[in-house]
Structure formats: structure tokens, C-alpha cells
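First comes the structure, then the notes that go with it.
Rule-based calculations on the coordinates, nothing more; no lab input. Since the structure is predicted, the reported quantities are computational estimates derived from the model, not experimental observations. As a convention, Cβ positions derive from the backbone with ideal geometry for all residues, glycine included, and neighbour counts pool all protein chains shown.
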Amino acid sequence: MPSVERARDFLTSRLFVRGVLLGFFVFACVQLLRFAEWARGRGPHVPRPESVAGLLPIGHFTSFFAWLKGGGWDTLLPAGLVIIIGAVATSVLLKRGFCGWICPLGAVWEGQAWLGRKLMGGRNVALPRWLDGIGRGVRYLIAAAALFVLIMVPLAEALAFRELPYMWVADLKILGGFTRPGFLAMLGVASVASVFFGPVWCRWLCPLGGWYSLLGMASPCAVRRDPETCIHCSACTEACHAFLDVEKARAVRSPECDGCMDCVRVCPVPGCLEARAPGNTRIAPWVWPLLVVGLWLAIYAGARLTGNWDTRLPDDVFRQVINSGLLEERTRGGL
Ligand code: SF4
Ligand code: SF4
């Protein structure tokens, strides 16, 4: 393979794309901690990064449903709303593109799973179908329960929720929670399990993943196999981290497919297994991540240019809340 194509494939690989986005997210978290230090009078001022709002998806989904119910745009923490819209859009249009390419938490678990595949000769351990089915059923139950609760929140309460000072520092509270022994123990268990069984959090527990999986089923773009040219080498099925039997599918419609393009990349028959858009238009495996990330960046840029990304709260308000002792209080609610 010519070196230009090798470089192109590397730059559009999940390892690289997810690594860069994860690095950016970690940088934003560090900036938020530095902002808090400034608020406490312990360091220079740095701009408050809004993208860490992604750490509080359930809270921002409350705001999202309030917006859908006619409650208006959240001007206090609008970045959270933009992130939810981006995640929904990439899921609906590009097969859970958010889960497969953008989610920083998913990048961590996928990194562990990748390590496991390297150590165990190419595949994570597949659980018996019935056990995997129970695990995925649990995820959909959690997702349905969470969705029901969020939709049922009365509009007035949802609007009041986003005006709570508690909400404004929830990202900092969550970052602080990452150092708690309970979280570190859970991280350790999930990391070891992901090395063996693949990203267990994404597959069996994440309620957001459950919603995005179902949304992804409506995607107009999907991986399609041409049964006429398929030589049944099983390379695609073996490459699929979601344990889908790609070799037998005509079009991969499963909610578990996150459009990673691993199966397409390994197919030895040109044109046999391809991602296709409506009209049978081919989407090359290196173009797919560009579409996902491009759509994500377009939504972000649109929000920024129209003044719908940055908080309208002045820095001094954050300073007052951070110094009020709210951050040190033990969590009482669902944050
Ligand atoms: S390997 Fe193919 S079928 Fe499996 S998740 Fe990735 S894109 Fe979907
Ligand atoms: S990798 Fe390609 S040729 Fe091999 S089974 Fe899958 S679709 Fe068929």
C-alpha cells in the first residue's frame, strides 16, 4: 500500500481520531480545574472551557427535553445542549457516530478493549449469546427507565433545574468525584473487564448508548455486503468488535453497530463490503470518520458563531459559587 494511503488510513483510524478527541477533552478538563483554581484566588485566569459540559449528559438531556417542550434555549450552560444535539445528529445520520468516534469515555474503554485484542491474538472474549443478551437487555432497561424519568420531568422543574447553582459547578463536582475510592475501584473493574470482554460499559450499562443505539437504527447510512462477490472468508465477522455476524448480513442494521468501519477495512474483495448512503453511494472507510467529526464540528461551529455555545454567566458568578462551599458538599441529588 502506498505510503500516502497508509498515512491517510492511520489519520482516519479510530485509534488516532479517538485519541486526539480524548486528548482534547482531557486538556479541557485540566483547563476547568485551572479555572477553579483562579476562582479560589490561587492562579492566573484561564477561560472556562464549555466542552466539559459533556460530563453531565443526563442533566443536559433534561434541558434538551425542556427545549423540545418549548422551554427555550438554555443560555446558562448552552454547550451541554449543543453536545446533546451533536450526539443525537451523529447517531441518527451515521450509525451511532458519537459512540463509535467521539465519546471520550468510550475512547477509554475502547482503548482497553484494543489492548485486550492485541494481547489475546485479535479478538476480545465473546460471552455466550444468552448472557450477552441479558447484559444488553439490562442496558436497554436502564435506558428506557432513564428516558421515561427525563421525559416526565415537568417543564417548570426542568427550567428551574438548569438555574440551580449546583448545576453550574456540576462538571467540577464530577471531576472531583473521579478521585474518590469508589470511582477508582469501578474504573479498575471496568478496565480489566474491558480488556477481556470489550467495552463492557458501552455494551451493557451506558443508558446513553442504549438511546443512541436505537437512534442509529434509523440511520440512512449503513454497512452493506454484496452476496454475489462475497467469498465468505469471515474476516469481517472476526474484525467486528460488536460481535456481529457481518458475513451473513446483507445490510448491518443492528443497533450494536457503531460504524467503526473495521469490517470494511479488512474485507479482501474490493467493493464487496462498503458503507453506503442513500442512492447506494459508497462512503469510503476513511471518509466515514471525516463525516462524523465534520458534522460534530459543524454543529459546534454553528453554535459558536451564533453565540449559542458560551455561557452567559459572568466568571464572577462562577467564582462566587465555587467559593460558596457547594463544591465541597457531599452529593445529595443525582449528579
Ligand atoms: S465492524 Fe462493521 S458491523 Fe461491526 S460495529 Fe464496526 S462497522 Fe459495525
Ligand atoms: S470480509 Fe468481505 S469477503 Fe470476507 S466474508 Fe466479509 S464481506 Fe465476505
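Might you check whether a residue that is within 15 Å of ligand 2 (Cβ to nearest atom) and closer than 22 Å to ILE84 by Cα occurs anywhere in the range 264-273? So that I can check it myself, show each step before the final result.
Filtering the range 264-273 down to residues within 15 Å of ligand 2 (Cβ to nearest atom) leaves 264-273.
Imposing the further condition that a residue be closer than 22 Å to ILE84 by Cα reduces the set to none.
So far as the range 264-273 goes, no, none of its residues is within 15 Å of ligand 2 (Cβ to nearest atom) and closer than 22 Å to ILE84 by Cα.
Report the residue count in the range 47-79 for those that are touching a Leu at 6+ places or on another chain (Cβ under 9 Å) and outside any helix (DSSP H, G or I).
9
Among the residues of the range 224-242 satisfying the criterion of being more than 9 Å from ligand 2 (Cβ to nearest atom) and buried (at least 17 other Cβ atoms within 10 Å of the Cβ), which is nearest to PHE196 (Cα to Cα)? Before you say what the answer is, go through the steps one by one.
If we filter the range 224-242 for residues that are more than 9 Å from ligand 2 (Cβ to nearest atom), which is where we start, we get 224, 228, 240-242.
With the extra rule that they be buried (at least 17 other Cβ atoms within 10 Å of the Cβ), the set shrinks to 224, 240-242.
Values: ARG224: 29, CYS240: 15, HIS241: 12, ALA242: 13 Å.
So the residue we want is HIS241.
Go through LEU33, LEU68, LEU76, LEU81 for me and flag whichever is over 13 Å from the mean Cα position of the chain (by Cα) and free of Cβ contacts under 8 Å to residues at least 12 places away in the same chain. Working first, answer last.
Values: LEU33 fails: free of Cβ contacts under 8 Å to residues at least 12 places away in the same chain; LEU76 fails: free of Cβ contacts under 8 Å to residues at least 12 places away in the same chain; LEU81 fails: free of Cβ contacts under 8 Å to residues at least 12 places away in the same chain.
Matching residue, one of LEU33, LEU68, LEU76, LEU81: LEU68.
Based on what the data block shows, is PHE318 more than 11 Å from ligand 1 (Cβ to nearest atom), touching a residue at least 12 places away in the same chain (Cβ under 8 Å) and not acidic (Asp, Glu)?
Values: more than 11 Å from ligand 1 (Cβ to nearest atom): yes; touching a residue at least 12 places away in the same chain (Cβ under 8 Å): yes; not acidic (Asp, Glu): yes.
In short, yes.
Any chance you could count how many residues in the range 216-275 are within 9 Å of ligand 1 (Cβ to nearest atom) and of a type outside the set (D, E, K, R)?
Number of matching residues: 23.
Could you please find all residues in the range 225-241 being part of a helix (DSSP H, G or I) and within 19 Å of ILE283 (Cβ to Cβ)?
Of all residues in the range 225-241, those part of a helix (DSSP H, G or I) come to 235-239.
Scanning the range 225-241 gives CYS236, ALA239.
Residue under question is LEU244, and the condition is that it be assigned to a helix (DSSP H, G or I), touching a residue at least 12 places away in the same chain (Cβ under 8 Å) and of a type in the set (A, V, I, L, M); does it hold?
Numbers: assigned to a helix (DSSP H, G or I): no; touching a residue at least 12 places away in the same chain (Cβ under 8 Å): yes; of a type in the set (A, V, I, L, M): yes.
So LEU244 does not fit the description; no.
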